[in-house]
Amino acid sequence: MPRTIWKGAVSFGLVHIPVALVPATTRQGIDFDWLDKRSMDRVGYKRINKTTGEDIDSDNIVKGVEYEKGHYVVISDEEIRAAHPKATQTVDIVAFVDAKDISFLYIDTPYYLTPDRRGEKVYALLRETLIQTGKVGIANVVLRNKQHLAVVMPLGKALVMNTLRWADEVRGVEYLEMKDEALNADLNPRELEMAKRLVEDMTEKWKPDQYKDTFQDQIMELVERKAREGKLEAVGGPEEAVDRRSADVIDLTELLKRSLAAKPSGKAAASDEDDGEDEETPQKAPARKTAASKAAGSKSKTAAKTTGGTTRKASAAKTSTSKSKKAS
């Protein structure tokens, strides 16, 4: 049974189609925990003042946007909440365009749209109309308190909604500053014909399941082999306390979501969202200045665990979204 993360409606003109939103993708990967090689204790993060190195309490942390080099504008939680778009629970189609006109560079995250509350017939009506006209719907939608541009398109017998990147998030080809020899090359007709023949010879049907993440497979094989050989390290330290402290430290967005949830409101799209989805950050200032935040990354040894003397194979390396532990 697919898990619904959002319920609302697709609307265009006077047409109203009740739908439910289901993620069309799942995230896989190796989850490396950080460990202290001396004691095999878990390694987490602390909130610290980067100038003094002192620990900072949550009450003394404010949010700021870097407006100029070394100069920040402080934005309060109340101001951030006021800037959030109102959740309307509607995929509001504002225009229809030719499907071929949308560059794949704009495609971000796909979702399935499924009919809801006896909306099957009008759902099928929109799907068949899009198929026969070759059009797709450009829509506005608010997910998890963040406004998105989206495209509604048919996929077989289903409708799919892809969130789109905004225009100022996509760089044009001119950004590459390519030389004229590449832009306006004088190609040899014979060489071009040979290249086309090579492409035709290598052409096959698209079968995505034949392509594998070899890195994940090799790491899993390595972990399982080492576990069978008894090369296991017992991880010390209070697991729950460390996990909870790490979450409090690195997940500032979760704190903001709790604040929003505590405020009485009408419809709250965030409550229907899938916790497994990527966290969304508040909208930035019109100046589009990027807040300074440096991602901390590191490699570590992967520790396999045992329960009741039996090796837990899959748990040796969690296949979930790779953590990028960020320091505030």
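If amide H atoms are built 1.01 Å from N in the plane of the peptide, which residues on other chains or at least 5 residues away come under 5 Å of the amide H of Leu149?
The list, which skips near neighbours in sequence, is Leu164.
Step by step: find N for region 4-118, compute 2.2 N^0.38 Å, then divide the Cα radius of gyration by it. What's the final number?
It is 1.70.
Roughly how big is region 69-188's charge dipole about its Cα centre, with Cβ charges of +1 (Lys, Arg) and -1 (Asp, Glu), in debye to the nearest 20?
740
Ordering Arg81, Arg144, Arg197 by accessible area with a probe of 1.4 Å, largest first, what comes out?
Sorted descending by solvent-accessible area, the residues read Arg197, Arg81, Arg144.
How large is log10 I(q)/I(0) at q = 0.12, 0.15, 0.19 Å⁻¹ when the Debye formula is applied to the Cα atoms of region 101-233, each weighted equally and without solvent?
Log-scaled intensity ratios, in q order: -0.90, -1.04, -1.14.
Whose amide H sits under 5 Å from the amide H of Thr90, counting only residues 5 or more places off or on another chain, with H placed in the peptide plane?
Ala9, Val142
The values are calculated or read from the model by the stated rules, or taken from the named source; none is laboratory data. Not measured: the values here are computed from a predicted model. No Cβ is skipped: glycine too gets one built from the backbone with ideal geometry, and neighbour counts run over all protein chains shown. The area values use the complete protein model at the heavy-atom level, side chains included, leaving out ligands, DNA and RNA. Shrake-Rupley method; radii C 1.70, N 1.55, O 1.52, S 1.80 Å.
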